[in-house]
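Only one structure is covered here, and it is reproduced in the block below.
The values are calculated or read from the model by the stated rules, or taken from the named source; none is laboratory data. Source: prediction; values computed, not measured. Here the Cβ positions follow ideal geometry from the backbone for every residue, glycine too, while neighbour counts run over all protein chains shown.
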Amino acid sequence: MLEIPRFLFQQTETQVSSVYYYKGWTFKHERIPRYRRIKVTIEKNKTLRLSTAIKEKKSHIDQFLLKNEQWVRDRLEKSDRLLQGQQIQVGLPGEEFIFLGEKRKLAIQPFEETVAVRGAQLLIGNPKLNCHGRLIKIRDYYSREAKKVFPEIVKIRSKEMGLVPKRLIFRGNTSRWGSCNEQGTISLNWKLMGAPLKAIDYVVVHELAHLAHPNHGVKFWKMVGRYIPDYKIYATWLRKHHYTLDFLTEIPALHSSRWR
Ligand SMILES: [Zn+2]
(Lines give C-alpha, C1' and ligand atoms only; values in the text may rest on other atoms or scores of the structure.)
Protein backbone atom coordinates (compact mmCIF):
# COMPACT_ATOMS: atom_id res chain seq x y z
CA MET A 1 0.00 0.00 0.00
CA LEU A 2 1.31 3.40 -0.92
CA GLU A 3 -0.08 6.30 1.00
CA ILE A 4 0.03 9.98 0.32
CA PRO A 5 1.06 11.69 3.58
CA ARG A 6 -2.01 11.79 5.73
CA PHE A 7 -1.57 15.25 7.17
CA LEU A 8 -2.60 16.73 3.86
CA PHE A 9 -6.07 15.25 4.02
CA GLN A 10 -8.79 15.72 6.50
CA GLN A 11 -12.42 14.85 6.71
CA THR A 12 -14.40 15.44 9.83
CA GLU A 13 -17.98 15.95 10.78
CA THR A 14 -17.85 19.39 12.27
CA GLN A 15 -20.03 20.57 15.08
CA VAL A 16 -18.65 23.84 16.38
CA SER A 17 -16.00 25.88 14.66
CA SER A 18 -14.12 28.69 16.29
CA VAL A 19 -10.59 29.99 16.43
CA TYR A 20 -7.89 28.90 18.83
CA TYR A 21 -4.75 30.93 19.44
CA TYR A 22 -1.53 29.41 20.61
CA LYS A 23 1.86 31.14 20.67
CA GLY A 24 1.38 33.08 17.46
CA TRP A 25 -0.41 30.28 15.65
CA THR A 26 -4.08 30.53 14.77
CA PHE A 27 -5.99 27.27 14.56
CA LYS A 28 -9.39 26.68 13.08
CA HIS A 29 -10.89 24.92 16.06
CA GLU A 30 -13.47 22.21 15.51
CA ARG A 31 -15.30 20.70 18.41
CA ILE A 32 -16.65 17.37 17.30
CA PRO A 33 -19.34 15.27 18.96
CA ARG A 34 -18.15 11.92 20.33
CA TYR A 35 -14.56 12.84 19.57
CA ARG A 36 -12.05 11.82 22.22
CA ARG A 37 -8.71 12.81 20.85
CA ILE A 38 -6.91 16.05 20.18
CA LYS A 39 -5.69 16.33 16.65
CA VAL A 40 -3.84 18.91 14.61
CA THR A 41 -4.08 18.91 10.84
CA ILE A 42 -2.14 21.06 8.47
CA GLU A 43 -4.10 21.71 5.33
CA LYS A 44 -2.65 22.35 1.96
CA ASN A 45 -3.00 26.12 2.15
CA LYS A 46 -1.24 25.90 5.54
CA THR A 47 -4.41 26.42 7.52
CA LEU A 48 -3.98 24.89 10.94
CA ARG A 49 -6.91 22.84 12.09
CA LEU A 50 -7.47 21.69 15.62
CA SER A 51 -9.98 18.94 16.33
CA THR A 52 -11.10 18.18 19.84
CA ALA A 53 -14.01 16.89 21.86
CA ILE A 54 -16.88 19.31 22.40
CA LYS A 55 -15.85 20.00 26.00
CA GLU A 56 -12.09 19.57 25.79
CA LYS A 57 -10.33 21.65 28.46
CA LYS A 58 -8.08 24.51 27.43
CA SER A 59 -5.35 23.21 29.71
CA HIS A 60 -5.38 19.84 27.91
CA ILE A 61 -5.24 21.48 24.51
CA ASP A 62 -2.34 23.72 25.52
CA GLN A 63 -0.52 20.74 26.98
CA PHE A 64 -1.01 18.82 23.75
CA LEU A 65 0.17 21.72 21.62
CA LEU A 66 3.22 22.25 23.80
CA LYS A 67 4.16 18.61 23.31
CA ASN A 68 3.62 18.79 19.55
CA GLU A 69 5.07 22.20 18.75
CA GLN A 70 8.05 20.79 16.91
CA TRP A 71 5.86 18.45 14.89
CA VAL A 72 3.68 21.35 13.74
CA ARG A 73 6.74 23.44 12.89
CA ASP A 74 8.26 20.59 10.88
CA ARG A 75 5.04 19.97 8.99
CA LEU A 76 4.61 23.65 8.15
CA GLU A 77 8.12 23.71 6.79
CA LYS A 78 7.45 20.57 4.79
CA SER A 79 4.28 22.10 3.32
CA ASP A 80 6.34 25.09 2.24
CA ARG A 81 8.79 22.87 0.46
CA LEU A 82 6.06 20.83 -1.19
CA LEU A 83 4.18 23.89 -2.35
CA GLN A 84 7.20 25.46 -3.98
CA GLY A 85 6.78 25.43 -7.72
CA GLN A 86 3.22 24.22 -7.33
CA GLN A 87 0.89 25.49 -10.02
CA ILE A 88 -2.79 26.03 -9.82
CA GLN A 89 -4.62 25.03 -12.97
CA VAL A 90 -8.05 26.47 -13.66
CA GLY A 91 -8.36 25.38 -17.28
CA LEU A 92 -6.94 28.38 -19.12
CA PRO A 93 -4.93 28.00 -22.33
CA GLY A 94 -1.19 28.05 -21.73
CA GLU A 95 -1.39 26.41 -18.31
CA GLU A 96 0.87 23.45 -17.71
CA PHE A 97 -0.47 20.00 -16.98
CA ILE A 98 1.76 17.09 -16.14
CA PHE A 99 1.14 13.95 -18.18
CA LEU A 100 3.42 10.90 -18.03
CA GLY A 101 5.85 13.00 -16.04
CA GLU A 102 6.21 15.78 -18.61
CA LYS A 103 4.70 19.24 -18.63
CA ARG A 104 2.16 19.86 -21.41
CA LYS A 105 0.72 23.26 -22.25
CA LEU A 106 -3.03 23.48 -22.60
CA ALA A 107 -4.11 24.59 -26.08
CA ILE A 108 -7.62 24.92 -27.49
CA GLN A 109 -8.19 23.21 -30.82
CA PRO A 110 -11.32 24.57 -32.48
CA PHE A 111 -11.69 21.60 -34.82
CA GLU A 112 -11.04 18.76 -32.45
CA GLU A 113 -13.65 17.12 -30.32
CA THR A 114 -11.49 15.27 -27.86
CA VAL A 115 -8.57 15.76 -25.53
CA ALA A 116 -5.19 14.57 -26.72
CA VAL A 117 -1.57 14.86 -25.72
CA ARG A 118 0.70 15.72 -28.60
CA GLY A 119 4.30 16.41 -27.75
CA ALA A 120 4.50 19.27 -25.30
CA GLN A 121 0.82 20.13 -25.75
CA LEU A 122 -2.38 19.06 -24.18
CA LEU A 123 -4.97 19.76 -26.85
CA ILE A 124 -8.59 20.21 -26.03
CA GLY A 125 -11.47 20.64 -28.43
CA ASN A 126 -14.86 22.28 -28.09
CA PRO A 127 -13.99 25.95 -27.52
CA LYS A 128 -17.45 26.49 -26.04
CA LEU A 129 -16.42 24.75 -22.83
CA ASN A 130 -15.71 27.00 -19.90
CA CYS A 131 -12.64 26.51 -17.71
CA HIS A 132 -14.39 24.20 -15.32
CA GLY A 133 -15.75 22.13 -18.22
CA ARG A 134 -12.25 21.82 -19.60
CA LEU A 135 -10.87 20.56 -16.33
CA ILE A 136 -13.57 17.90 -16.21
CA LYS A 137 -12.71 16.82 -19.74
CA ILE A 138 -9.02 16.69 -18.93
CA ARG A 139 -9.75 14.67 -15.85
CA ASP A 140 -11.79 12.16 -17.86
CA TYR A 141 -8.98 11.92 -20.35
CA TYR A 142 -6.41 11.00 -17.71
CA SER A 143 -8.74 8.41 -16.26
CA ARG A 144 -9.46 6.89 -19.69
CA GLU A 145 -5.79 6.75 -20.65
CA ALA A 146 -4.88 5.15 -17.33
CA LYS A 147 -7.42 2.41 -17.97
CA LYS A 148 -5.73 1.70 -21.29
CA VAL A 149 -2.10 1.95 -20.18
CA PHE A 150 -2.00 0.46 -16.67
CA PRO A 151 -3.44 -2.98 -17.53
CA GLU A 152 -0.68 -3.40 -20.10
CA ILE A 153 1.99 -2.73 -17.49
CA VAL A 154 0.26 -5.05 -15.04
CA LYS A 155 0.18 -7.80 -17.69
CA ILE A 156 3.90 -7.51 -18.42
CA ARG A 157 4.97 -7.34 -14.79
CA SER A 158 2.57 -10.12 -13.74
CA LYS A 159 4.19 -12.44 -16.23
CA GLU A 160 7.71 -11.54 -15.11
CA MET A 161 6.97 -11.82 -11.43
CA GLY A 162 4.67 -14.81 -11.69
CA LEU A 163 2.08 -12.95 -9.64
CA VAL A 164 -1.36 -12.33 -11.08
CA PRO A 165 -3.99 -10.17 -9.40
CA LYS A 166 -7.50 -11.61 -9.22
CA ARG A 167 -8.93 -8.27 -10.18
CA LEU A 168 -7.65 -4.89 -11.23
CA ILE A 169 -9.67 -1.83 -10.34
CA PHE A 170 -9.16 1.91 -10.74
CA ARG A 171 -9.73 4.61 -8.22
CA GLY A 172 -9.32 8.34 -8.36
CA ASN A 173 -10.87 9.58 -5.19
CA THR A 174 -8.35 8.13 -2.80
CA SER A 175 -5.25 9.18 -0.92
CA ARG A 176 -3.38 6.09 -2.12
CA TRP A 177 -1.45 5.49 -5.30
CA GLY A 178 -2.28 1.84 -5.16
CA SER A 179 -3.38 -0.94 -2.85
CA CYS A 180 -3.66 -4.68 -2.74
CA ASN A 181 -6.14 -6.55 -0.57
CA GLU A 182 -6.22 -10.11 0.79
CA GLN A 183 -8.53 -11.24 -1.99
CA GLY A 184 -5.87 -10.37 -4.53
CA THR A 185 -7.56 -7.26 -5.87
CA ILE A 186 -5.15 -4.57 -6.90
CA SER A 187 -6.40 -1.04 -7.12
CA LEU A 188 -4.50 1.67 -8.93
CA ASN A 189 -5.05 5.38 -8.75
CA TRP A 190 -5.63 6.64 -12.29
CA LYS A 191 -4.12 10.01 -11.33
CA LEU A 192 -0.80 8.23 -11.72
CA MET A 193 -1.28 8.96 -15.41
CA GLY A 194 0.43 12.26 -14.61
CA ALA A 195 3.51 10.45 -13.31
CA PRO A 196 6.47 9.21 -15.35
CA LEU A 197 5.98 5.75 -16.80
CA LYS A 198 8.70 4.39 -14.52
CA ALA A 199 6.89 5.67 -11.44
CA ILE A 200 3.70 3.96 -12.64
CA ASP A 201 5.71 0.82 -13.22
CA TYR A 202 7.06 1.07 -9.68
CA VAL A 203 3.55 1.29 -8.19
CA VAL A 204 2.48 -1.75 -10.25
CA VAL A 205 5.50 -3.79 -9.10
CA HIS A 206 4.95 -2.59 -5.53
CA GLU A 207 1.34 -3.76 -5.49
CA LEU A 208 2.07 -7.05 -7.29
CA ALA A 209 4.81 -7.76 -4.74
CA HIS A 210 2.14 -7.43 -2.06
CA LEU A 211 0.46 -10.51 -3.53
CA ALA A 212 3.50 -12.44 -2.27
CA HIS A 213 4.30 -10.31 0.78
CA PRO A 214 1.35 -8.46 2.31
CA ASN A 215 3.64 -6.16 4.30
CA HIS A 216 6.60 -3.84 3.88
CA GLY A 217 9.17 -6.26 5.27
CA VAL A 218 12.69 -7.02 4.08
CA LYS A 219 11.54 -9.73 1.66
CA PHE A 220 9.00 -7.38 0.15
CA TRP A 221 11.54 -4.63 -0.62
CA LYS A 222 14.00 -7.20 -1.88
CA MET A 223 11.43 -8.37 -4.38
CA VAL A 224 10.60 -4.81 -5.48
CA GLY A 225 14.32 -4.09 -5.83
CA ARG A 226 14.83 -7.19 -7.95
CA TYR A 227 12.45 -5.83 -10.60
CA ILE A 228 13.16 -2.13 -10.15
CA PRO A 229 16.65 -1.65 -8.69
CA ASP A 230 16.30 2.16 -8.57
CA TYR A 231 12.76 2.12 -7.18
CA LYS A 232 13.66 4.69 -4.50
CA ILE A 233 13.89 7.41 -7.15
CA TYR A 234 10.28 6.79 -8.17
CA ALA A 235 9.01 6.45 -4.62
CA THR A 236 10.55 9.86 -3.96
CA TRP A 237 9.07 11.32 -7.13
CA LEU A 238 5.61 10.21 -6.04
CA ARG A 239 6.05 11.66 -2.57
CA LYS A 240 7.25 14.95 -3.96
CA HIS A 241 4.60 15.34 -6.63
CA HIS A 242 1.27 14.53 -5.07
CA TYR A 243 0.39 18.22 -5.23
CA THR A 244 1.33 18.36 -8.88
CA LEU A 245 -1.54 16.05 -9.73
CA ASP A 246 -4.01 18.01 -7.65
CA PHE A 247 -5.91 19.39 -10.63
CA LEU A 248 -7.23 15.87 -11.08
CA THR A 249 -8.81 15.78 -7.65
CA GLU A 250 -12.57 16.00 -7.44
CA ILE A 251 -12.41 18.77 -4.90
CA PRO A 252 -9.03 20.40 -5.41
CA ALA A 253 -8.04 21.98 -2.15
CA LEU A 254 -7.06 25.21 -3.82
CA HIS A 255 -10.09 25.54 -6.06
CA SER A 256 -13.38 26.74 -4.77
CA SER A 257 -15.58 25.71 -7.69
CA ARG A 258 -17.73 22.62 -7.38
CA TRP A 259 -16.59 19.46 -9.03
CA ARG A 260 -19.08 16.89 -10.19
ZN1 LIG B 1 2.69 -1.12 -0.01
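Some values worked out for this structure:
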item	result
Matching residues in the range 172-185 - criterion: being within 15 Å of the ligand (Cβ to nearest atom), within 27 Å of residue 240 (Cα to Cα) and in contact with a helix residue (DSSP H, G or I) (Cβ under 8 Å, 6 or more places away or on another chain)	175, 177, 178, 179, 180
Checking residue 169 against (1) over 23 Å from the mean Cα position of the chain (by Cα); (2) closer than 30 Å to residue 215 by Cβ; (3) not in a helix (DSSP H, G or I), the condition it does not meet	(1)
Checklist (1) in contact with a helix residue (DSSP H, G or I) (Cβ under 8 Å, 6 or more places away or on another chain); (2) part of a helix (DSSP H, G or I); (3) within 15 Å of the ligand (Cβ to nearest atom) applied to residue 150, failing item	(3)
The range 135-159 - residue that is over 20 Å from residue 117 (Cα atoms) and charged (D, E, K, R) and, of those, surrounded by the fewest Cβ atoms within 10 Å (Cβ to Cβ)	159
Qualifying residue in the range 197-212 (condition: surrounded by fewer than 20 Cβ atoms within 10 Å (Cβ to Cβ) and within 10 Å of the ligand (Cβ to nearest atom))	no
Subset tally (residues that are of a type outside the set (Val, Ile, Thr) and in a helix (DSSP H, G or I)) for the range 32-77	18
Selection count where residues are over 30 Å from residue 247 (Cα atoms), free of Cβ contacts under 8 Å to residues at least 12 places away in the same chain and in a helix (DSSP H, G or I), scope the range 186-233	7
Test: residue in the range 107-124 that is acidic (Asp, Glu) and outside the structural domain of residue 146 (by TED's automatic domain parsing)	no
